[in-house]
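Only one structure is covered here, and it is reproduced in the block below.
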Amino acid sequence: MSTPVRPPVRSKDRFLVFGAPQIEQAEIDEVVHSMKSGWLGTGPKVARFEDDFKLYKGAAHAAAVYSCTAALHLAMVASGVGEGDEVITTPMTFCASVNAIIHTGATPVLADVDPRTLNIDPARVAEKITPRTKAIMPVHFAGRACEMDAIMALAKSHDLMVIEDCAHAIETQYHGREAGLFGDFGCFSFYVTKNVITGEGGMVLTKDEAHAARIKVLALHGMSKDAWKRFSDSGWVHYQVIEAGFKYNMMDIQAAIGIHQLRRVEKNWERRREIWNRYNEAFRSLPIGIPKDPEPNTRHAHHLYTIMVDEKHCGLARDAFLPAIQAQGIGVGVHYLSIPEHPFYQKTFAWKPEQYPHAMKVGRETVSLPIGPKLTDDDVADVIEAVTRVLSHA
Ligand SMILES: *Cc1c(COP(=O)(O)O)cnc(C)c1O
């Protein structure tokens, strides 16, 4: 790598942190209110956040939990997935999607992505269906809607459950309908780098009341409904443990943040879309790959802006680009090395990256640039300048 002759675009003390959250006074005040009220754990604010999120998505039932990982795990359990079953998902996702399958005792099966959309390819899913297949877990990658018509048709004809990983997809729509409401369960993340944050946090949406009730029980030790009410003034109620559950509940302190974050969800989406379009304009003439336009009649959540750095075209490899742009003071991410690149999955399932060539190629070329609502126009200009500079030094 050549040493820049000029000082970096941003000095060390102005390093642009990737995915830095936007925290405003309203959520600070709400957290302080929780602290002063003494009610920190699962309580009225969690219930309010569930109602608000349900309303935003137009969902029938919502259960707030500690993380999207917990949401995925509970959705798997509530789907009846277990030992001997197979669940088909994408190799282009965060490890949590695959781990949620593994923790039920089921076997994850990967179906490669469409290289244009980076989403699971329904044609590849069809090839992987066996008599043991119990469910499909599509991931709306970067906020781009999966081909839900084709996926739901497969699920219907093979009697499969569908669990949507919507960690990137709070604002995503497909053919006029909300992501997360197609399948049996939609799982959302409010992790610090996501589009709506609670620090750690997740949500399960479902149209089935019994599913929602079971998830709430499973999320709190398997204790019968509303066990938290025993601490309030509405009279003593003994809880009963009705199955071996988990400790996956969301706290009021988390919900306090989420309630106010959710109010800005559309405004922040507009801002990310603006940044997305600005990057598109700036990068069209560079030798890098840029995201394809959203498919007609869909709404992209613009959660990630991912460029592809291919050594043949760019003169430097992705793994040389990463430290070079960081040296310019710009924090970036990699979403993701394909799942079979990781030693655990290689060892356990004998997966090789080459078996999923599209996901492998994407995983080895992709770089996520900052796209949060906190970015100023000057920050965005700095990112563009840094990308341009790194490539011109290549
Ligand atoms: C972030 C993420 C998760 C996990 O979310 P947590 O809330 O951190 O547990 C799962 N799947 C995908 C695709 C993600 O990006």
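Brief remarks follow.
- Residue in the stretch 55-63 that is surrounded by fewer than 24 Cβ atoms within 10 Å (Cβ to Cβ), closer than 30 Å to ILE290 by Cα, touching a residue at least 60 places away in the same chain (Cβ under 8 Å) and of a type in the set (D, E, K, R) present: yes
- Any chance THR69 is assigned to a helix (DSSP H, G or I), among the hydroxyl-bearing types (Ser, Thr, Tyr) and under 20 Å from the mean Cα position of the chain (by Cα): yes
- Among residues of the stretch 1-18, those that are within 25 Å of the chain's Cα centre (by Cα) and at pLDDT below 95, counted: 0
- Matching residues, the stretch 190-214, being farther than 16 Å from ILE253 by Cα and within 15 Å of the ligand (Cβ to nearest atom): THR193, LYS194, ASN195, VAL204, LEU205
- Out of ILE120, ILE129, ILE102, one residue alone is surrounded by fewer than 19 Cβ atoms within 10 Å (Cβ to Cβ), aliphatic (A, V, I, L, M) and within 16 Å of the ligand (Cβ to nearest atom). It is ILE102.
- Residue check for ALA59: small (Gly, Ala, Ser) and in contact with a Gly (Cβ under 9 Å, 6 or more places away or on another chain): yes
- Residue that is surrounded by the most Cβ atoms within 10 Å (Cβ to Cβ) [pool: residues in the stretch 158-183 that are within 19 Å of VAL109 (Cα to Cα) and away from the ligand (no atom under 16 Å from the Cβ)]: LEU160
- Flag if ILE290 is free of Cβ contacts under 8 Å to residues at least 24 places away in the same chain and under 29 Å from the mean Cα position of the chain (by Cα): yes
- Residue check, LEU72 crowded, with 18+ Cβ neighbours inside 10 Å and away from the ligand (no atom under 16 Å from the Cβ): no
The values are calculated or read from the model by the stated rules, or taken from the named source; none is laboratory data. The structure presented is a predicted model; accordingly, all values stated were derived computationally and were not measured. Cβ: placed from backbone, ideal geometry, glycine included. Neighbour counts: every protein chain shown.
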